[in-house]
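Asker: One structure, as structure tokens, below. Some questions next.
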Amino acid sequence: MKIVTVIGARPQIIKAAALSRAIRNFAHKVTEIIVHTGQHYDANMSEIFINELGIPSPDYNLKVGSGSHGRQTAAMITGIEEVLEKEQPNWLVVYGDTNSTLAAAVAASKMHIPIAHIEAGLRSFNKQMPEEVNRILCDHVSTLLFSPTKSGYQNLISEGFKDNKPPFFSDNPGIYHCGDLMYDNSLYFSEIARSKTRIYEDLQLYQPFILATIHRNANTDDPNRLNSLFNVLADLSEENNIRIILPVHPRTRKMMDSFLNEEVKSKLVQSKLSICDPASFLEMIVLEQNAEMVITDSGGVQKEAYYFKKACIILRPETEWVEIVENGCARIVDADAIKIREAFQYFLKNKSSLQFPEIFGDGRAADFILNEMYIHTLK
């Protein structure tokens, strides 16, 4: 079996690590060709993750870079099509909901190459999010759809997908609830993360702290929202005498320089909000394992907080991971300072009573996915 895996952003590199580990156990049966679109490519956000997680270096780097959605996606389609023509794989593997995912799905579907979509069925029910459009379109041209959660599987059923019987193809796709690759990774790397990083020492994390991340366009590109979020984080750190560690995404830092007003900038200097460089995946695991709680607009970090049994405050108006909200371990607050404060105080007081049932599988999702692909390889 020959597969082409397309990655383009940090979360996809991390997910690809789990599948690459499973592929090594199929070494005599599976060949993997990795294509990095270059959607987000710099040393901190790509190369370090590839080296740290032990996945093979990309066989192709399309070096697309940033740009408008249309230009970026079009350039990716062109480059991916050329790779697929050359490699002639049995499967195209895509992850999640980025423009790289959409471009790869469009290219492969037009060439009648079966698509395996990992993280299928996730829905925010907000088509103003480009990610929502990407994931829906990808699902509807895929041959195998692997959902990490029961709610994702049910979303597919609600959209007309059926529990079909093989042989599977794009008009008769196979759908699965298989568990989450990121849970596979978190279990695998959690025991070695502390020994392989120095972030605990570098940030002097010897007292209780909160972990925060902000990177979604809806938060970073709106001056009012960005100022509101940093203002309330600074206030919470001072009022509760607790450090908030915020590894800052390069794009977020750029928007901070442009949009934060002088009053907020001055407050940040005086507060216990520690803004640091982007954290690697292993560093994020260390931070998530040891934080008192997590505040984030990242879908991936929401899940990772849950894996490590941490309460999570979600800085978005919705989430794809509805289960963690339904069981009370997370709250959706958007950029509302009052709701953020209320959630913060609630979780500080009640964190010891939260329950974290296993909803993301058994840590072997990658093995399941690869086995199903191998069984259903189309000749």
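Asker: Of all residues in segment 222-249, how many are among the β-branched types (V, I, T) and assigned to a loop (DSSP other than H, G, I, E, B)?
Answerer: Of all residues in segment 222-249, those among the β-branched types (V, I, T) come to 232, 242, 244-245, 248.
Those left that are additionally assigned to a loop (DSSP other than H, G, I, E, B): 242, 248.
Count: 2.
Asker: With respect to R135, determine if the residue is surrounded by 15 or more Cβ atoms within 10 Å (Cβ to Cβ), under 30 Å from R253 (Cβ atoms) and in the same structural domain as T101 (by TED's automatic domain parsing).
Answerer: Details: surrounded by 15 or more Cβ atoms within 10 Å (Cβ to Cβ): yes; under 30 Å from R253 (Cβ atoms): yes; in the same structural domain as T101 (by TED's automatic domain parsing): yes.
Yes; evaluated as a whole, the condition is true for this residue.
Asker: Would you check which residues across segment 190-207 are polar (S, T, N, Q) and assigned to a helix (DSSP H, G or I) and list them?
Answerer: From segment 190-207, those polar (S, T, N, Q) are 190, 195, 197, 204, 207; that's our starting set.
Result: S190, S195.
Asker: Kindly evaluate Y95 against the criterion of being aromatic (F, W, Y) and either touching a Cys at 6+ places or on another chain (Cβ under 7 Å) or touching a residue at least 40 places away in the same chain (Cβ under 8 Å) (or both). Can you show your working first?
Answerer: Working: aromatic (F, W, Y): yes; either touching a Cys at 6+ places or on another chain (Cβ under 7 Å) or touching a residue at least 40 places away in the same chain (Cβ under 8 Å) (or both): yes.
It is true that Y95 is aromatic (F, W, Y) and either touching a Cys at 6+ places or on another chain (Cβ under 7 Å) or touching a residue at least 40 places away in the same chain (Cβ under 8 Å) (or both).
Asker: Anything in segment 200-209 that is surrounded by 15 or more Cβ atoms within 10 Å (Cβ to Cβ) and either within 19 Å of K351 (Cα to Cα) or small (G, A, S) (or both)? List them, or say none.
Answerer: Across segment 200-209, the qualifying residue is only F209.
Asker: Can you name every residue in segment 314-362 that is under 21 Å from E238 (Cα atoms) and crowded, with 19+ Cβ neighbours inside 10 Å? Spell out how you get there, then give the answer.
Answerer: Restricting attention to segment 314-362, the residues satisfying the condition of being under 21 Å from E238 (Cα atoms) are 314-315, 333, 335-351.
I314, L315, V333, A335, I340, A343, F344, F347 - these are the residues of segment 314-362 that are under 21 Å from E238 (Cα atoms) and crowded, with 19+ Cβ neighbours inside 10 Å.
Asker: Name every residue in segment 11-41 that is more than 21 Å from R364 (Cα to Cα) and not polar (S, T, N, Q), in order of residue number.
Answerer: Initial filter on segment 11-41 (more than 21 Å from R364 (Cα to Cα)): 33-41.
Residues satisfying the conditions are I33, I34, V35, H36, G38, H40, Y41.
Asker: Also, quick follow-up: So which residues in segment 1-15 are part of a strand (DSSP E or B) and within 25 Å of A279 (Cβ to Cβ)?
Answerer: Kept after step one, since they are part of a strand (DSSP E or B), are these residues of segment 1-15: 2-7.
Scanning segment 1-15 gives T5, V6, I7.
Asker: Quick check: is even one residue across segment 304-313 out of contact with any helix residue (DSSP H, G or I) (no Cβ under 6 Å at 6 or more places or on another chain), under 24 Å from P130 (Cβ atoms) and not hydrophobic (A, V, I, L, M, F, W, C)?
Answerer: no
Asker: Another question, then. Consider A107 against the criteria (1) of a type in the set (G, A, S); (2) modelled with pLDDT of 95 or more; (3) closer than 18 Å to G300 by Cα: it satisfies all of them except one. Which criterion is unmet?
Answerer: (3)
Asker: If I ask for residues that are touching a strand residue (DSSP E or B) at 6+ places or on another chain (Cβ under 8 Å) and touching a residue at least 60 places away in the same chain (Cβ under 8 Å), which ones from segment 320-379 would you list?
Answerer: Selection gives W321, I340, F344, A365, F368, I369, E372, M373, H376, T377, L378.
Asker: Let me ask something else. Can you report the number of residues in segment 210-247 which are small (G, A, S) and crowded, with 21+ Cβ neighbours inside 10 Å? Let's see the steps before the verdict.
Answerer: Taking segment 210-247 as the starting set, the residues that turn out to be small (G, A, S) are 212, 218, 228, 234, 237.
Next cut, crowded, with 21+ Cβ neighbours inside 10 Å only: 212, 234, 237.
Within segment 210-247, residues that are small (G, A, S) and crowded, with 21+ Cβ neighbours inside 10 Å number 3.
Asker: Tell me the strands (runs of 3 or more DSSP E) entirely within segment 272-379 that contain at least 2 residues that are under 17 Å from the mean Cα position of the chain (by Cα), farther than 25 Å from L122 by Cβ and assigned by TED's automatic domain parsing to the domain that holds P167. Working first, answer last.
Answerer: Numbers: elements: 273-276, 294-296, 312-314, 330-332.
Per the criteria, no element qualifies.
Asker: Quick one: in segment 16-36, of everything that is in a helix (DSSP H, G or I) and not hydrophobic (A, V, I, L, M, F, W, C), which residue is farthest from R216 (Cα to Cα)?
Answerer: First, the residues of segment 16-36 that are in a helix (DSSP H, G or I): 16-24.
Then drop every residue that is not not hydrophobic (A, V, I, L, M, F, W, C), which leaves 20-21, 24.
Numbers: S20: 28, R21: 30, R24: 34 Å.
Filtering first and then ranking leaves R24.
Asker: From E119, E131, grab the single residue that is at pLDDT 95 or above and of a type in the set (D, E, K, R). If you could, list the steps in order and put the result at the bottom.
Answerer: Values: E131 fails: at pLDDT 95 or above.
On inspection, the qualifying residue turns out to be E119.
The values are calculated or read from the model by the stated rules, or taken from the named source; none is laboratory data. Please read all numbers here as calculations on a predicted model, not as lab measurements. Please note: Cβ atoms are built from the backbone with ideal geometry, for glycine as well, and neighbour counts cover all protein chains shown.
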